[in-house]
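The values are calculated or read from the model by the stated rules, or taken from the named source; none is laboratory data. Computed from a predicted model, the values in this text were never measured in an experiment. Cβ sites come from the backbone with ideal geometry, for glycine too, and all protein chains shown count toward neighbours. Note: accessible area is taken over every heavy atom of the protein model, side chains too, but ligands, DNA and RNA are not part of it. Shrake-Rupley method; radii C 1.70, N 1.55, O 1.52, S 1.80 Å.
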Amino acid sequence: MTAERKHRARLALFGGMTLAVMILIFWFSAQNGASSRAMSEGFLKMLLGTLAERFLPRLSGKGIDWDIRKYAHMGEYFCLGLSAFLFFSELTRWRGKGRAALLALAWSFLYACSDEVHQLFVPGRAGRLRDVFVDGAGFGAGILLAVLLRWSMEYRQSRKMRT
């Protein structure tokens, strides 16, 4: 496989991953308030259950259900930040992690803002600036992890070349 074909394949893969995460976030945001609450109180509480109550830091005094919903937001946007970084890194052909990280940050932030606007039109939901900050913690962590992993890979490759 030629280098150009590999590049196009990775671009399609990472672009598809980013689009899939965005569609998933949109679908979750399109659930009305009652459906969203039922989903998080059922599936997420079962999934995280006592782990969240015992090991994850409390985000507020509003109860574990509220905290689980915010951790779910962070998880969704962690995936978006990670996949967006991979996509923009491939799009710019690894011309520095900084450019890809900034593009991924801007993309994820704009999507988080648009998601909150979207929720203004969903019954029982609300668009809140606070949620953009929660999402930002998620996509920021995803981008940071991707940058650190990329740096680690480059470091290992440079050490191999020296020996």
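When the Cα positions of Ile143, Phe133, Ala72 are compared along the charge dipole of the range 68-163, Ile143 comes out farthest toward the positive end, with charges on each C-beta of Lys, Arg, Asp and Glu.
Each Lys or Arg adds one and each Asp or Glu subtracts one; over the other residues with Cβ under 12 Å from the Cβ of Val134, this totals -2.
Accessible area ranking (1.4 Å probe, heavy atoms, ligands and nucleic acids excluded), largest first, for Met17, Met22: Met17, Met22.
Across the range 72-77, rounded Karplus estimates of 3J(HN,Hα) from the backbone phi angles (6.51 cos²θ - 1.76 cosθ + 1.60, θ = phi - 60°) give 5, 4, 4, x, 4, 6 Hz, Gly and Pro being marked x. Using the Cβ of Leu105 as centre and a radius below 14 Å, the other residues enclosed give a net charge of +1, where K and R count +1 and D and E count -1.
Over the range 83-146, what portion of Cα pair distances is larger than 21 Å, expressed as a whole percent?
Details: 620 of 2016 pairs.
Considering the range 83-146, 31 percent of its Cα-Cα pairs are separated by more than 21 Å.
The largest accessible area among Lys6, Lys160, Lys97 belongs to the first residue in Lys160, Lys6, Lys97, and the rest follow in falling order (1.4 Å probe, all chains).
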